[in-house]
Each structure stands twice: as structure tokens, then as C-alpha cells.
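Structure first, then comments.
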Amino acid sequence: MNVRESLATIKKQINEAAERSGRDPERINVVAVTKYVSVERTKEALDAGLTHLGESRDEGLLKKVEVFGSTPSWHFIGTLQSRKVKEVLPFVDYIHSLDRRSLAKEIHKRAEKEINCFVQVNVSGEESKHGLSLDATIPFIESLQEFSSIKVIGLMTMAPHTNNPDEIRAVFKQLRELAEQIQTLSLHHAPCKELSMGMSNDYEIAVEEGATYVRIGSSLVGNEK
């Protein structure tokens, strides 16, 4: 199946999931995770109408920026090392993995514009995952007020590796409830109205629980180099 056909299937499922939960499907953005695919496959994604592309390594991002420039909205979705910030920051529109003060400090230092950031939350508590604990998230976000270059537009999480949809749903629901709690604080630097959650195997559940950005790789663009 080519990217255009895959996208049509995914959008249909997103629309149905949005309808089930009484949401506007227009609020849901598909981020095509192109980190495992070639420049040619990435071009196919753009030709299919996708405008948000996700990369998780600086080398992959810079290689594709060299080809496609700033036409797509670039999302950095992987763990971002502080020493790599200066290389990727001029090109990314969204960072999905802000989870520590040292990274925030480096982003602020290097930024020439306001940077849209998702704070990464390790809702499931798995040791293999990066991100803040639920309890640590609000104090961390409050502490970012001094960094005027950072705008916390929302939260990001990854579901646990399980085939149990109830466990996955519980994680996404907790992230949404945390975002709603942050919204009540009316923090100028952290409106926190966006949720980055849901991947190829669980994006429908994520949409039902409030995702506004779903990060889809294998079922959309495949994983061929």
C-alpha cells in the first residue's frame, strides 16, 4: 500500500474515533514519522498531503531538511541531547521530548524564536521510557516560566508495550487529565492545550482520549530505508 492509500485509511479511522468520542477530527494532526524511511519515501508522504514530519535523530532531520527545507513542519520526537540542540533548533517547529531543566536551559539559550514544546511524561512509569513522573510534571512546567523562548503547548507520552487496550487507554486518559489540570493554572508560558500521544498500534485509542497529534510511522510510511 502506498502512502496516499495508507493515509486515507488512517484518516478514516481517526474520523471514526473522533466521532465516537464527540470530537472534531480537524483538531487531530497526523505526524508522519519518517525516521526509518528514505528521502524518496518522505517525498511520497509530502506528495500525499502530509505537512507534519517527525524525526528522532539530528542526522536524519538535517539530511531531510537539506532536501525539503522548511516546507513541512518538522517535529523532533526523540530524546534530544543538550549538545545537539544548537544543530536542530533552527529547523524544528515542535519538540516533543522536553523532560529536564538542562535541556530547557539550552533551548532557551539557542532559540531565536519561541519554540513549541511538549513536556514528555512517563505516565506508565516504565524504566525503559524517558519523561517526568506524573507528580513531577506540574512543578517542572511551572519552573519553565523563566525561559521566555519556551512555550509548553502540551504534553507527550508513549503507551506501555502491551496488547491490553484498557491499560493503554488508562495511560492516555491520565495524560489528558493532567493537561486539563495544568490548563486550570492559566500559565501564560504553558497553555498545554495539545496532546501528543498515539502511534501506529494505538492511535485510535489516543484520539478517543483526546490526542491532538498522533505520531504514525510504520502503518503510514513503512520502515524501509
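Quick note: the coordinates plus some simple rules give every number you see, no bench work behind them. Note that the coordinates shown come from a computational prediction; the quantities given were computed from them, not determined experimentally. Heads up, the Cβs are rebuilt from the backbone with ideal geometry, glycines too, and the neighbour counts pull from every protein chain shown.
What ³J(HN,Hα) values, in whole Hz, does the Karplus curve 6.51 cos²θ - 1.76 cosθ + 1.60 give for segment 92-97 when θ = phi - 60°, with x put for Gly and Pro?
Computed from phi, the couplings for segment 92-97 are 8, 9, 9, 10, 9, 9 Hz.
Which cross-chain or sequence-distant (5 or more) residues have an amide H under 5 Å from the amide H of Ile150, H modelled 1.01 Å from N in plane?
Here Ile115 satisfy the definition.
Can you give the translational diffusion coefficient of the chain in µm²/s, computed by Stokes-Einstein from the Kirkwood radius over Cα pairs at 20 °C and 1.002 mPa s?
Value of D from the Cα-based Kirkwood radius: 122 µm²/s.
With point charges of +1 on the Cβ of Lys and Arg and -1 on the Cβ of Asp and Glu, referenced to the Cα centre of the chain, which listed residue (Pro139, Val67, Asn116) lies farthest in the positive direction of the dipole?
Val67
When the distances between all Cα atoms of segment 134-221 are binned every 10 Å from zero, what whole-number percent does each bin get?
17, 46, 27, 10, 0
For Leu187 and Arg101 in one chain, what is 0.36 nm times their gap in residues minus the Cα-Cα distance, to one decimal in nm?
29.2 nm
If packing is taken as the mean number of other Cβ atoms within 10 Å per residue, what is the order of 4-12, 136-144, 196-204, highest first?
Listed from highest to lowest mean packing, they are 196-204, 136-144, 4-12.
Where does each of 166-174, 29-37, 107-115 land if you order them by average Cβ count within 10 Å, highest first?
Listed from highest to lowest mean packing, they are 29-37, 166-174, 107-115.
Work out the FRET efficiency for Glu87 and His161 from their Cβ-Cβ distance, taking R0 = 25 Å, and round it to the nearest 0.05.
It comes to 0.25.
Can you list the residues, at least 5 places off or on another chain, whose amide H is less than 5 Å from the amide H of Asn29, using H built in the peptide plane?
Tyr213, Val214
Go ahead and run the numbers for FRET between Leu62 and Ser21, Cβ-Cβ distance against an R0 of 30 Å, rounding to 0.05.
The value I calculate is 0.20.
Explain nothing, just the number: relative contact order of the chain, from Cα pairs under 8 Å at least 6 residues apart, as a whole percent.
22
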